[in-house]
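Encoded as structure tokens, the structure appears first; notes follow it.
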Amino acid sequence: MKELVEVLCRGLGVSADAADLEETRAGEDVTVTLSLPLADLHKIDGRDHRTAKALRQVLSAAAAASKERFHLVARAKD
């Protein structure tokens, strides 16, 4: 799933060097944490958070076959 998030972010114009992806597993829950500079975070967040919601829907659809639940967390880098 981490690779899928990377591809989708590149498609939105996020620099691969600027993004840090971390995948954490806890049982059936998998959390993908995306840390970005604030300027790139706005590309992921989108207007009314529609882009972020769409990314989460794509992750849910991709996870349907694996019987795992995926969560996407996008945050600004410190």
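The values are calculated or read from the model by the stated rules, or taken from the named source; none is laboratory data. Predicted model, so just to flag it, every value in this text is computed and none were measured. Here the Cβ positions follow ideal geometry from the backbone for every residue, glycine too, while neighbour counts run over all protein chains shown.
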query = Hey, among the residues in segment 21-42 that are part of a helix (DSSP H, G or I) and surrounded by fewer than 14 Cβ atoms within 10 Å (Cβ to Cβ), which one's modelled with the highest pLDDT?
reply = L38
ask   = Within segment 45-71, can you find the residues that are hydrophobic (A, V, I, L, M, F, W, C) and either part of a helix (DSSP H, G or I) or over 22 Å from R25 (Cα atoms) (or both)?
value = A52, A54, L55, V58, L59, A61, A62, A63
key: Residues (in a loop (DSSP other than H, G, I, E, B) and loosely packed, with under 11 Cβ neighbours inside 10 Å) located in segment 1-20   = G13, A16, D17
